[in-house]
Amino acid sequence: MHWLTNPQVRRQAHALKWSTYPEDQLPLWVADLDCEAPPIVKTLLNHAADHGVFGYGLEPPAFRDAWVTHIHRAYQWNIDPDWIVPIAGVVPAMTYGLECFPDRQRVLSPSPAYPYFAGVPERARRALERYPLEHTDAGLVPDLLALAGLLDQSHKPSVLLLCNPHNPGGAVYSKQCLNDIITLAVETETPLISDEIWADLRLDPVSHYPLGQLVPETHPSLTIMAATKTFNIAGFSAAIAIVPHAPTRERLLATQIAMPHITPLAFAMTAGCLQEGWDWHRMLLDALRINRARVQMWANAHPNIRVTTGQATFLAWIEAPLTEADWITGLTDAKVRLSMGRPFGDATAVRLNYGTSPTILDEALGRLSTVLTNRDCP
C-alpha cells in the first residue's frame, strides 16, 4: 500500500476530495483515502474491460457468500444469508431503513455525528432529537443517562440511530455499552439502526460487536455494513443491511422498488476485496496508525485544543475555543480544507481526514498550527 504523493493523479480523475477546491488548497475533508485500492480491483476492472458488457446485473452468489464468511471470521457472528439486504450505499440504507417504521415520527440521533445522521431524518420529515455523546478513553460514546431520559418518553415512539465505530470520534462501542442501549430499546420497543461502515478500520486491538449480534431476533434492528471505506472503493457503491427480524426485512425489501440497483462492478469489487484484499488492508492499518500518531503528536503541541482520534477510522475530531467564523477565515487563509463541524452538530469543531501521505499530512498540520496561533489558540 503506497500513498499517492502527486495530487494531480486524483484531480485528473475528478476526485471529489481534490477537485472541489483550487489547486493551492490541501483537502483533508471528505472521508476517502489518497492511495490505490487493493490489486484485486484492477484485476476485476481489466476483466470487465475485456468482456465489454455493462448492462443490468443480478447479485452474484459470491457477494453474499463473501459477507457471510467475513462476518463469521471477523466477529464470530453466524448470520443467515437470507438476513442480508443489499443496498447501493450506507446512507440509502439508513434512508430506507427509516421507511420501515412509518409510525415512528421521532428519530434519536447522536451528536456530534456524520451529517447524514441529521440529514436523513430531516429529509424524511421526522422529528429529530439529538442525544449527546461523552468523552472517554475510547473516544466519543453515547451518554446513556441522557439517552435513557429521551427513550423514557414513551408517548413519543422513536427510532434510534447508532454510529459504531463513531464518525467523527473513532470510538468502538463496548459490548456493555451496546447491551445497555439494547436493553433501553427493547424496554421501550424502539427499533435500532446502526451504521457500522468503519467496523473493519479499527486501529487499536479492540473487538467490534455488530449490533444485530446482540439484539434479540424478535426485535427490529438493521446492522448496516459496507466494504467501501475498508478498501477505498467508495466509487463502487454497495452496502448491506443485516436484518434478522423478518417483518422489518420484508418491509425493507419492499422499499427497493424505488432504489437504484447495485451495479455488477460494485458487487464484484466488494466480493473481490472481501476475499482477496486483506494483505493490502493490513498494510493500510499500519500506515494509518503512523499517521494517527503524527496527529496525536501535533495535538500534544497544542494543549488548548482537544483532538479525538479514537480507536478506529482515519478521522480526527478537533475541538477548539474558536468560533465557526474563526475556523472558516483561518482555514481559508491557510489554504487547508477540513469538514466544518456545524453539520456534525458542533459549529466550534472541525473534522480532519488523515488518510493521506505523511508529507501532505505534515504540511496540512503545519498550516493548522498557523490557524491556531493566529487566533491566540497555541
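When the chain is described by a simple charge dipole with +1 on each Lys and Arg Cβ and -1 on each Asp and Glu Cβ, the residue from TRP18, GLY341, GLY212 located farthest towards its positive end is TRP18. Segment ARG282..VAL186, full-extension length gain: 30.8 nm, with 0.36 nm per residue of separation and the alpha-carbon distance subtracted. When the Cα gyration tensor is reduced to axis lengths a ≥ b ≥ c, the ratio a/c is 1.5 or higher for region 203-342, and with a/b above b/c it is classed as prolate. Phi-derived couplings, Karplus 6.51 cos²θ - 1.76 cosθ + 1.60 at θ = phi - 60°, listed residue by residue for region 201-211: 10, 8, 9, 9, x, 10, 8, 9, 10, x, 3 Hz, with x used for Gly and Pro. Structure remark: mean-square fluctuation, Gaussian network model of the chain, C-alpha springs under 10 Å; the largest value among THR263, THR136, THR223 belongs to THR136. Between ASN304 and ASP152, the contour length at 0.36 nm per residue exceeds the alpha carbon distance by 51.0 nm.
Under the membrane-span-like helix rule (DSSP H runs whose alpha carbons stretch at least 27 Å along the helix axis, mean Kyte-Doolittle hydropathy 1.0 or higher), the chain yields none.
From helices alone, the chain scores -12500 deg cm²/dmol at 222 nm; the rule is -39500 (n - 2.57) for each run of n ≥ 4 DSSP H residues, then divide by the residue total.
Coordinate-derived values only; no laboratory data. These figures come from a predicted structure and were not determined experimentally. Every residue, glycine among them, receives a Cβ derived from its backbone with ideal geometry; neighbour counts consider all protein chains shown.
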